[in-house]
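The values are calculated or read from the model by the stated rules, or taken from the named source; none is laboratory data. Worth saying up front: this structure is predicted, and the values here are computed from it rather than measured. Counting neighbours? That spans all protein chains shown, and the Cβs are built from the backbone with ideal geometry, glycine included. Surface accessibility is based on the protein's heavy atoms, side chains included, excluding ligands, DNA and RNA. Shrake-Rupley method; radii C 1.70, N 1.55, O 1.52, S 1.80 Å.
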Amino acid sequence: MIHLLNTLTVTYDNGEFAMFRTENAPQPKYLKDYKKPDFKVSSVYLTFDIREGVTTVKTKTVFERVNRDAKNLVLDGQNLILKSVSMNGEALSANRYTADADTLTISDVPEKFTLDTVTEIHPEKNTALEGLYSSGGNYCTQCEPEGFRKITYYLDRSDVMTKFTTRIEADKKACPVLLSNGNCLEKGELDVGRHFAVWEDPFVKPCYLFALVAGDLGHVHDTFTTMSGKKVDLYIYVNKGNEDKCTHAMESLKKAMKWDEEKYGREYDLNIFNIVAVNDFNFGAMENKSLNIFNAKLILAKPETATDADYLAIEGVVAHEYFHNWTGNRITCRDWFQLSLKEGLTVFRDQSFSADMNSEAVFRIDDVDGLRSVQFAEDGGPMAHPIQPNNYIEINNFYTATVYEKGAEVIHMIHTLLGPQNYRKGTDLYFKRHDGQAVTCDDFVQCMQDASGIDLSQFKLWYSQAGTPEVTAKSAYDATRKTFTLTLSQNTPDTPGQTNKKPMHMPILFGLLDKKGLDLLPEKTRTLQLKEKQQSFVFEKIAEKPVPSILRNFSAPVKLTSDLTDGDLLFLMAHDSDGFNRWDAGQTYLQRLILSKPKQLPEALFTAFHQLIQDSKADKALIAKALTLPSENYLAQLQDVVDVDGLHASRKFILASIGKKYRAAMEELYQENADTGLYSVSPEAVGKRRLKNTALRYLQAADEILADQIALNQYKTAKNMTDKVAALAILTDAKTNASDFAFEDFYKTWKNDPLVLDKWFSLQAIADRQDAPELVTKLLQHPDFTYKNPNRLRSLIGSFAAGNQKWFHRADGAGYKLLSETVIKLNSINPSTAARILTPLRQWRKYDASRKHLMEHELKRILSEKDISNDVYEIVSKSLS
């Protein structure tokens, strides 16, 4: 809960005080206050008259009262110019309605009526990118979560569902393409070079799923035949000239459609599916019914312009948005506190899809790596919240790793506890029971329980308790009785607003290895159900002292502490049959080592790395992951007080030591995995490039001059963007002629491709250079930098603040000042993006006294701004509370 005072006082270094009133400070909304809507919408007909500089929106809505005590209709609306209001065909007198900055209230309404409103909006001036806005001359919408109220007056809430019909009128030359949800019913010509299109969505939906696109776009077309034999037309619309970059996205869409039929029995329900890629977008993509709008970064790809990571992200996000057709659209959220109902479930679905399409173990590692680096930090900070938050000020701030990634882990645990067959029965029941409804997380869990017969009442605590549970494992072997005992205890730390947490119900996948590294248990992996604060599990007929493999496949999103020795960890690293635990054992060993800040490395480490390098039969991407040291961002979470300089130095020392010890082997790895032939995004090809570029990073640590030579040659000869970017990443850390040449050449070659140029900005932002803050400041003045494009902003400021742990936290506070100044400037342009790039300052209490003081100062500086947005206010005020 946020405690808001009428007056706040901020103290600055010079002893002066900045006083500012917060009498009108935004108030939190609470889950407990949810009430059903007073009115339902029977139908809505929208007409958009798009003209340069102004768009007129006519809305005809049929309302029906469902709460007999409600006499007034209160509609949401922001940044709208109201031109007229009429009811049942008659204009309303001024005393029948009132309009303020956020609402339109119609007084004394009948039980059923038709309301017509006419509003004007200005998409070309909409830099917040919410509602209807212009991107590169094209018009598009973003309505989730509360953007529809910036288009017209409406009941902008997710539990008001109806059928939408949309008419779009625009200049035919400027906007030859006119798209909305559903099926196109009619197209035609109008006077003076204008035309129109009418679209109807046959399925009920909330207004956050409404979409419109109008512009001059090129497209690619394909078809997909569903399991019942229905032919679906697939279109991807892009800026003209980018049509050749859509092949991978289209193939990913068709793979996702087939996978969803096979795994979940979900068939696409319309005859057309459209995707539109736009350059200006606050998020990754949006699942609007039958008209998905994407950030161009997650559609456009060809080997010369996109990296392996881009290709894999496109595959996953295209699938994610398509999967939302059932888990989010056909069944949606009752209210925004239920956001994880659709996002956690759909992330789990897209993760499962990506694992099936690629290397399962590597994708699981990548997912967990991201969870630990971002979500665990979120759980341990001032914005910690359950996957079903109980309050918020600005809902945009709760599109978080907790709701998405931790939400997916909760579904992953349900899948583990129920097993694949019962899980499928549960989802089948969910689709059958709730199709066409706006429901809650409890409704989903109830379906899982009803279909499986498994009690999930305690498990539901995962939805309401914040924080990352800490699990401690202790083992004991009794040679006389031939028994092995594993004792697990759990504790979830206090988080803001929550103390004394109850024990969680979690699955712990577990195995035992003999001295040869073979699995001892008949089933290899057993599911242990941890429900109590402490439980012991006894395994009988264990002939020799085993090495336990705990939390296989990361079966629960917890922090695990065990009594495994360094020798045990290295043994698991070499022999564990579970790919995830094999990697995790090595990471745990390396974490211990880096945090101990050794002056000399143990021979056991070199032996383990030698085995990895020599393991030619293993998945190359998995070997590359195993050879990669834990990130400084994650290591920082493991310290009570972050030692920025010590962590950086210790990690570099270990990297250099391994690189020097195995310099010849790393050179050999580099050569063995060089690309030959045509580019492929197959798991084998991606693995080879990962391993080759990991070896190059070790060579850089061992011999920077040699690595720069290799990197420059790789940059010049590379036929794909993956290898070009990897080479630039090596060169960017040093001020050399080779580095200058490569970056100048890259800019000249790609300055007209916004997505590739984002990489140019990002690589410089994460450079391991003492002058990184000054370099980023200089790039802010670059003619190709703009505050209005979220991708460009994230590539520079986001990459620096979140990805350059050492130099963002430079002792003089230059990085903090740079970030706060950016947030202040961005606050009036795009509040949502301003709030998101603030994330690194939220952890200010974890740093040493000097850095803590500098970060706190910048947070207070932001909070003292006169016109601070709700988005930024919530993040900063909670961080300081």
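Which trypsin sites (Lys or Arg not before Pro) does the stretch 180-277 hold that lie in a coil by DSSP with at most 15 other beta carbons within 10 Å? Show your work: numbers first, answer last.
Numbers: sites: Lys187, Arg194, Lys230, Lys231, Lys240, Lys245, Lys254, Lys255, Lys258, Lys263, Arg266; in loops: Lys230, Lys240, Arg266.
Taking the stretch 180-277 and a limit of 15 other Cβ atoms within 10 Å, the loop trypsin sites (Lys or Arg not before Pro) found are Lys230, Lys240.
Going by the alpha-carbon gyration tensor, a ≥ b ≥ c the square roots of its eigenvalues, is the stretch 631-705 rounded (a/c under 1.5) or, if a/c is not under 1.5, prolate (a/b greater than b/c) versus oblate?
Values: a/c = 3.82, a/b = 1.72, b/c = 2.22.
Since a/c reaches 1.5 but b/c is at least a/b, the shape of the stretch 631-705 is classed as oblate.
State in Å² the accessible area per residue of the stretch 99-197; use a 1.4 Å probe, count heavy atoms of protein chains only, and round to the nearest integer.
Heavy-atom accessible area per residue stands at 37 Å².
Assuming 0.36 nm per residue, please report the length gained on full extension of the stretch Arg845 to Phe741 beyond their Cα-Cα distance.
That pair, Arg845 and Phe741, stretches by 33.3 nm at full extension.
For the chain, build the charge dipole from Cβ charges (+1 Lys, Arg; -1 Asp, Glu) around the Cα centre, then report which of Ser135, Ala702, Leu796 sits farthest towards its positive end.
Of Ser135, Ala702, Leu796, it is Ala702.
Give me the percent of accessible area attributable to carbon and sulfur for the stretch 531-608, probe 1.4 angstrom.
49 percent
Take the stretch 469-524, drop everything but the C-alpha atoms, weight them equally and run the Debye formula without solvent; then report log10 I(q)/I(0) at 0.17, 0.25, 0.31 Å⁻¹ to two decimals.
Results for the stretch 469-524 at q = 0.17, 0.25, 0.31 Å⁻¹ read -0.73, -1.11, -1.28.
Convert 37 °C to kelvin, take the viscosity as 0.692 mPa s, use the Kirkwood radius over C-alpha pairs of the stretch 696-839 as Rh, and evaluate the Stokes-Einstein diffusion coefficient in µm²/s, rounded to a whole number.
D, rounded to a whole number, is 209 µm²/s.
Against the longest principal axis of the chain, how steep is helix 247-264, in degrees 0 to 90 to the nearest 10, with axes from Cα atoms?
Once rounded, one gets 90 degrees.
Percent of Cα-Cα pairs per 10 Å bin, from 0 to the last occupied bin, for the stretch 51-166, please list those.
Each 10 Å bin holds this share of Cα pairs: 13, 45, 31, 9, 1.
Can you find, among Leu291, Trp336, Ile766, the residue farthest towards the positive end of the dipole of the chain? Put +1 on the C-beta of Lys and Arg, -1 on that of Asp and Glu.
Trp336
Under 11 Å from the Cβ of Gln490, count the other residues' Cβ atoms, weight Lys and Arg +1, Asp and Glu -1, and hand me the total.
So the surrounding residues net to +3.
Could you tell me the relative contact order of the chain? Use alpha-carbon pairs under 8 Å, at least six residues apart, and round to a whole percent. Don't skip to the answer; put the middle values down first.
On the way: 1693 pairs, mean separation 72.9, N = 881.
Here the relative contact order equals 8 percent.
Give the shape of the stretch 559-666 as rounded, prolate or oblate, defined through the alpha-carbon gyration tensor: a ≥ b ≥ c are the square roots of its eigenvalues, a/c under 1.5 means rounded, and otherwise the shape is prolate if a/b is larger than b/c and oblate if not. Working shown, then result.
On the way: a/c = 1.76, a/b = 1.25, b/c = 1.40.
Taking the square roots of the gyration eigenvalues as a ≥ b ≥ c, the stretch 559-666 is oblate.
May I ask for the angle, rounded to the nearest 10°, between helix 360-370 and the longest principal axis of the chain, with both axes built from Cα atoms and the value confined to 0 to 90°?
Rounded to the nearest ten degrees, it is 70.
Taking the Cα centre of the stretch 236-332 as origin, work out the dipole magnitude from +1 charges on Lys and Arg Cβ and -1 charges on Asp and Glu Cβ, in debye rounded to 20. Can you show the working numbers first?
Numbers: 11 positive and 15 negative charges, 33 e Å.
Here the size comes out at about 160 debye.
For the stretch 439-504, give the percent of accessible area contributed by carbon and sulfur heavy atoms, probe 1.4 Å, rounded to a whole number. Kindly include the intermediate steps, with their values, before the conclusion.
Numbers: 1270 of 2870 Å².
Here it works out to 44 percent.
Which whole-Hz ³J(HN,Hα) couplings does the stretch 558-563 yield from phi under the Karplus relation 6.51 cos²θ - 1.76 cosθ + 1.60, θ = phi - 60°, glycine and proline marked x?
10, 9, 9, 10, 10, 9
Based solely on C-alpha atoms, express the radius of gyration and the Dmax of the stretch 659-744 in angstrom.
12.4, 35
For the stretch 448-455, in order, what is each residue's ³J(HN,Hα) by Karplus, 6.51 cos²θ - 1.76 cosθ + 1.60 with θ = phi - 60°, in whole Hz (x at glycine and Pro)?
Residue by residue, the stretch 448-455 yields 4, 5, 5, 6, 9, x, 9, 6 Hz.
Rolling a 1.4 Å sphere over the protein heavy atoms, what is the accessible area per residue of the stretch 329-456, to the nearest Å²?
28 Å²
For the stretch 195-203, what does the Karplus curve 6.51 cos²θ - 1.76 cosθ + 1.60, with θ = phi - 60°, yield as ³J(HN,Hα) per residue in whole Hz, taken in order and with x for Gly and Pro?
Those phi angles translate into 8, 9, 9, 10, 10, 10, 9, x, 9 Hz.
Can you give me the C-alpha center-to-center distance between the stretch 388-407 and the stretch 214-270, rounded to a whole angstrom?
30 Å
At 1.4 Å probe size, put Lys432, Lys35 in order of accessible surface, largest to smallest.
My answer, sorted largest first, is Lys432, Lys35.
Within 10 Å of each candidate Cβ there may be at most 11 other Cβ atoms; applying that plus a DSSP loop requirement, which chymotrypsin sites (Phe, Trp or Tyr not before Pro) in the stretch 716-772 survive?
none
Which value results for Rg/Rh of the stretch 229-355 when Rg is the Cα radius of gyration and Rh the Kirkwood radius based on the inverse mean 1/r?
For the stretch 229-355, the value is 0.95.
Just the ratio, please: alpha-carbon radius of gyration of the stretch 233-303 over 2.2 N^0.38 Å, N its number of residues.
In units of the globular-protein estimate, the stretch 233-303 measures up at 1.13.
Using a 1.4 Å probe, what is the accessible area per residue for the stretch 773-881, in Å²?
Using a 1.4 Å probe on heavy atoms only, each residue of the stretch 773-881 averages 37 Å².
P(r) of the stretch 522-613 in 5 Å steps, Cα pairs, percent per bin?
2, 10, 21, 22, 19, 13, 7, 4, 1
Compute the distribution of all C-alpha to C-alpha distances in the stretch 439-540, in bins of 5 Å from 0, and list the percent of pairs in each, rounded to whole numbers.
In whole percents, the pair-distance histogram is 2, 10, 17, 18, 16, 14, 10, 7, 4, 1, 0, 0.
Could you give the size of the charge dipole of the chain about its Cα centre, using +1 on the Cβ of each K and R and -1 on the Cβ of each D and E, expressed in debye and rounded to the nearest 20? Provide the component values of the computation, followed by the final result.
Working: 108 positive and 117 negative charges, 203 e Å.
For the chain, the charge dipole is close to 980 debye.
Return the carbon/sulfur percentage of the accessible area of the stretch 114-260, one whole number, probe 1.4 Å, all protein chains in place.
Carbon and sulfur together cover 48 percent of it.
How large is the Kirkwood hydrodynamic radius of the chain, counting all unique pairs of alpha carbons, in Å?
Over the chain, the inverse of the mean reciprocal pair distance is 29.1 Å.
Mind jotting down the three principal axis lengths of the stretch 403-485 based on Cα atoms? Whole angstrom, largest first.
Reported extents, whole Å, longest axis first: 61, 29, 19.
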